[in-house]
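What follows is a set of notes on a single structure, which appears directly below.
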Amino acid sequence: MAVANSRPQSALKRREITWGFVFLAPWIFGFIVFTLLPMAASLVFSVTRFNLIKPEEGFSFVGPQNWLRLLSDPQVGQSLLISVRFALISVPLAIIVPLGLAMLVNSKNLIAKNVFRALFYMPTMIPVVATVLIWQGVLNSDSGWVNRFIQWAFGAEGPRWFQDERIVLLSLTIMGFWGVGGAMLTMLAGLQNVPTELYEAAKVDGAGPVYTFFRITVPMISPIIFYNLTLAIIGSFQYFVQAYIISAGRGDPNGSTMFFNLYLYKTAFSFQDMGYGATLAWLMFLIVLTLTMILFRTSGRWVYYASGED
Amino acid sequence: MRVSSSATGPSAWSSTRAMRKFLALSSVSLFGLLLLLSFLMPLGYMFTTSFKTIQQIIDPAASLLPMSPTFYTYAGQEYPLYNVPTPQGLQEWALYRKGREDSDFIDPANPSAGPIKWIGRWRTLEPVVHLDIHIENFGIALDTVKFPLLFRNTFIIAIAGTIGTLLSSIAVAYGFSRFRLPGKNALFFILISTIILPIQVTLIPKYVFFRVIGWGGTWWPLIIPHFFANAYNVFLLRQYFRSIPKELDEAAMLDGATPLQTLLYVIVPQSWPVITAVAMFHFFFAWNDFFEPLVYLQGKEDLYPISVGLTQFANAFGSRPELLMAASLMAVALPLVMFFAAQRVFMQGIVITGVEK
C-alpha cells in the first residue's frame, strides 16, 4: 500500500516543483541577467581600463589601478563626506518627522483624520522633478514665499537656500519632507497595532506621556523604525535626482552638492569612464552593505519583535 | 469620545470634562491644520505662480495672488489708482502728480473736477489691484516643453512596464505563495535583499550591454527588465495571495484545473485590489523615474519621458518661474487625480509592504 502510494505522491510532488519553478522562472531569469551577471561584470570592469569614448584605448586589464585611484582621488573622499553630512542631517529627520506626523494623524483629538492622512501623504505622489522645481521656487531667496514670509514677519532677509553652501544640504532635507508619506503610513499602522492594554496599564501605573512614548510606543514600533531607518540611510547614500536637478549636475554651489552618486554618474556617463565608474559603484555597494550589516547586527539590541516570524 | 456630558447629566464635573475635551480637540485640530497648510503651501505657490507674469513674481510688494495694479486713463494718460482716505471715506483715486508731502489725484467718478490736492505721503497708500491671471503661461509651456510628446512617451513606457510587471510579478508571487519548493526561502530572501541593492552596481554593465545589443537610445531598457518581476510587487502580491483560502485552489485542482488555470480563474479574480495597487505603483514609478531614462535616453530628446523633459526645460527656462510652475502643474495633475481616485487601495499597499516585512 505504502509503496504503491509513494509513486503518484512523488509524481505529484515533482509536478508541484516543476510548476513552481515555471512560475518563479521570470524572476530567476531576470535576477541572473539583470542583477547577478551585471554585478559580476561591474566587478570585472573595476579592474580594467574601459572608456566608451576612447575606444582606441580598448578594454584592457589594469589590475588594482582603479581601486588605488579611489585613495588618491580627492573627489571620492569629498563626495563621501557630503553624503555622510547629508545623512547626519536628513536621516534623524526622516524618522522623527514621519513619526510625529503619524502620531498627529493617529490622535483621538484630531478631527477628519482620514483627510489629514491622505493630504500629508499626497506630496509623495508628486514626481521628484516637479517637487524640486516647486521647492526651488518656494525657497527662492528673493521671490520665494518662505523668504517673503521671513521678511514680513521678522523684517530680516531670509537665507539663500540653494546658493549658500552652508545650508544647501538643509534645504534639500526640507525638500525631502514631501517624501515622508510612506514612512508616516507605515508608522501609523504600527501605532495602531500597539495593544491598547499596554497604554491602559501604563496609565494605571501613573506613567506620564513621555515615559509612555519612550517605554511603550517606541519599542512597540521599533521594527518599523528599523525598516525606515535602513531605507533612509541607504537612500541618503544613493541620493542623486534632487542633487542633479538643482544644479544641472554641476554640484553647485561650489561643489557642495557633489554627492557620491552624482560623481559616479559624471564619471561613468559624462566622461564614459566605465572602468573607474564601476569601481565607484562597487565602493558604494560595499558601503551600503556594511552599513546594512551593522544595522542588522545592532538591531537585536533595540528592535523588539512581539511575535516570531512565521 | 464616549464620556460626554449627556451621559452623566449636566453636573459641574462633566461639563469641565467636556470643556477640556473640546479644548484638546480644537487645539490639536488647529495645530494639525496649520501644519498641513504649511506642508502644502508650496502647492499654493505653484498654483498661483503659474498664473502670474514675471512682473507679478519679482515685485517684492506684490500680492501672493496674481494681482496687478489698476490704472485709470485721464486725458490720454494712464495713472495708477490708490485707496485714498478722504472726508467722504476711502476713495479709489488716480495718482496724477506725485509729491513728497502732498499729491494731486483725479477722482474717476468726477474727472471733470480736475486734479484734487491731497495732503499726505502717497507712498503710504494702498494701490488698487485687480485679479490679473495669465492662462497663456500654460500654452507657452505646453508648446516649449512639447508636453503632448512627453505625455505620449511617458504613457507608452509606463503602460508597457505595468503590463510587464503585472504578468511577471503575479506569476512569481503565485510561485512563492502556493508551491512547496526546495530552496524557496533562500530564493525569497535573495528577492527581498535586492531592495537594498544600489542600482548603480548593476547599471554600468547593463548600460554597456544594452548599447552593444543596439538598445542604446531606445525605450527597451526601460521596459523589458520589468517583465522579470521586482521585489516590492512580488512581496505585496504574495502577502495578498496568502490570505486567499487554499481550499479554493485545491477545489479547482480537484476539478482538473492546471496551476495556471487556478491562478487565472481563482486567484486573480479575487485579487483585483492588490493588482490595482501594483499597477498604480508601477505607473507612478514610471511617471517619476528619472535616473534610468536620463542614462539610457541621453540625447534622444524625442523619446524623453516627462521627468527628463521637464528637467531639460527647467535648465533652459530657469529665469521664467511662471512657465516652470505651469509645466509642473501639468506634470503633477494626473498623478494627483489618480491618487485621490484610488487613494484607499494605494495607501493600503504602502502599509502592507512597509509593515509586514
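None of the figures in this text is laboratory data; all of them are computed from the coordinates on show. No experiment lies behind these values; they were computed from the predicted model shown. Here Cβ is always computed from backbone atoms with ideal geometry, including for glycine, and neighbour counts include all displayed protein chains.
How long is the gain from A:Q78 to A:N193 if the chain were fully straight, where each residue apart is worth 0.36 nm and the alpha carbon distance is subtracted?
Gain on extension, A:Q78 to A:N193, equals 37.1 nm.
What helices in chain A pass both tests, a Cα length along the helix axis of 20 Å or more and a mean Kyte hydropathy of -1.0 or higher, using whole DSSP H runs?
What comes out of the filter, once short or polar helices are dropped, is A:2-31, A:74-106, A:222-237, A:274-302.
Report D for segment B:1-142 in µm² per second (integer): Stokes-Einstein, Kirkwood Rh on Cα pairs, 25 °C, 0.890 mPa s.
Result for D is 123 µm²/s.
Using amide H atoms built 1.01 Å from N in the peptide plane, name the residues 5+ places from B:M67, or on other chains, whose amide H lies under 5 Å from its own.
Close amide H contacts, sequence-distant or interchain: B:D132.
Given the Cα atoms of segment B:273-357, and with Rh set as the inverse mean 1/r over their pairs in the Kirkwood sense, what is Rg to Rh to two decimals?
Result for segment B:273-357 is an Rg/Rh of 1.07.
Taking each residue in A:134-142, count the Cβ atoms of any other chain within 10 Å of its Cβ, then average. What number comes out?
5
In terms of modelled amide H atoms, which long-range or inter-chain residues lie less than 5 Å from the amide H of B:K300?
Result for B:K300 returns nothing.
On average over all directions, what projected area in square nanometres does chain B have, based on the convex hull of its Cα atoms? If you can, show how the numbers build up before the last one.
Numbers: hull surface 133.2 nm².
Computed as one quarter of the Cα hull surface, the answer is 33.3 nm².
Could you tell me how far the Cα centroid of segment B:16-92 sits from the Cα centroid of segment B:120-154, in Å?
17 Å
Nearest 500 deg cm²/dmol is fine: what mean residue ellipticity at 222 nm does chain B get from its DSSP H runs of n ≥ 4 alone, each adding -39,500 (n - 2.57), divided by its residue count? Please list the in-between numbers first.
Values: 16 runs with 208 residues, N = 357.
It comes out at -18500 deg cm²/dmol, rounded to the nearest 500.
Compute the separation of the alpha-carbon centres of segment A:33-102 and segment A:106-123 and state it in Å as a whole number.
One Cα centre to the other: 39 Å.
On C-alpha positions alone, give me the angle between the axis of helix B:343-355 and the longest principal axis of chain B, in degrees, nearest 10.
Value to nearest ten degrees: 60.
Given a Förster radius of 60 Å and the C-beta distance between A:A112 and A:S60 as r, what FRET efficiency does 1/(1 + (r/R0)^6) yield to the nearest 0.05?
E between A:A112 and A:S60, to the nearest 0.05, is 0.35.
Of the peptides B:186-199, A:290-303, how do they stack up when ordered by the mean number of other Cβ atoms within 10 Å, highest first? It would help to have the intermediate numbers written out before the result.
Details: B:186-199: 15.5, A:290-303: 12.1.
Peptide ranking by packing, descending: B:186-199, A:290-303.
Based on the Cβ-Cβ distance from A:D142 to B:T86, what FRET efficiency comes out when R0 is 45 Å, to the nearest 0.05?
On the way: r = 36 Å, r/R0 = 0.79.
Working from the Cβ atoms, E equals 0.80.
Once you keep just the Cα pairs under 8 angstrom separated by 6 or more residues, what percentage relative contact order results for chain B?
Answer for chain B is 19 percent.
Less than 16 Å from a label point 7 Å out along the Cα-to-Cβ axis of B:I133: which backbone N atoms in segment B:58-81 qualify, by residue?
B:64-68
Taking B:K184 as the anchor, which aspartates and glutamates have their alpha carbon closer than 14 Å to its alpha carbon, excluding any fewer than eight residues away along the same chain?
Straight-distance partners of B:K184: A:E16.
Could you state, as a whole-number percent, how many of the C-alpha pairs of the protein assembly as shown are farther apart than 47 Å? If you can, show how the numbers build up before the last one.
Values: 66776 of 222111 pairs.
Value for the protein assembly as shown (Cα pairs over 47 Å): 30 percent.
Taking amide H atoms as placed 1.01 Å from N in the peptide plane, list the residues 5 or more away in sequence, or in a different chain, whose amide H sits under 5 Å from that of B:Y72.
Counting only residues 5 or more places away or on other chains, the set is B:Y79, B:L81.
Going by the alpha-carbon gyration tensor, a ≥ b ≥ c the square roots of its eigenvalues, is chain A rounded (a/c under 1.5) or, if a/c is not under 1.5, prolate (a/b greater than b/c) versus oblate?
oblate
What pairs in A:K203/B:K21; A:K113/B:K146; A:K13/B:K206; A:K266/B:K300; A:K54/B:K300; B:K206/B:K246 have C-alpha atoms more than 29 Å from each other? Write down the numbers at each step before the final one.
On the way: A:K203/B:K21 18 Å; A:K113/B:K146 40 Å; A:K13/B:K206 38 Å; A:K266/B:K300 18 Å; A:K54/B:K300 21 Å; B:K206/B:K246 40 Å.
With Cα atoms farther than 29 Å apart: A:K113/B:K146; A:K13/B:K206; B:K206/B:K246.
How large is ³J(HN,Hα) for each residue in segment B:46-60, as worked out from phi by the Karplus curve 6.51 cos²θ - 1.76 cosθ + 1.60 (θ = phi - 60°), to whole Hz, x for Gly and Pro?
Each residue's phi maps through the Karplus curve to give 4, 4, 5, 4, 5, 9, 9, 9, 4, 4, 5, 7, 7, 5, x Hz.
Work out from phi, with θ = phi - 60° and the Karplus expression 6.51 cos²θ - 1.76 cosθ + 1.60, the ³J(HN,Hα) of each residue of segment B:294-302, listed in order in whole Hz, and give x for Gly and Pro.
Running phi through 6.51 cos²θ - 1.76 cosθ + 1.60 with θ = phi - 60° gives 4, 6, 7, 9, 2, x, 8, 4, 5 Hz.
Quick one: angle between helix B:147-178 and the longest Cα principal axis of chain B, in degrees between 0 and 90, rounded to 10, please.
30 degrees
Could you tell me how many degrees, from 0 to 90 and to the nearest 10, lie between the Cα long axis of helix B:231-242 and the main elongation axis, the longest principal axis, of the Cα atoms of chain B?
60 degrees
R0 = 30 Å: FRET efficiency of B:T124 with B:F47, Cβ-based, nearest 0.05?
0.45
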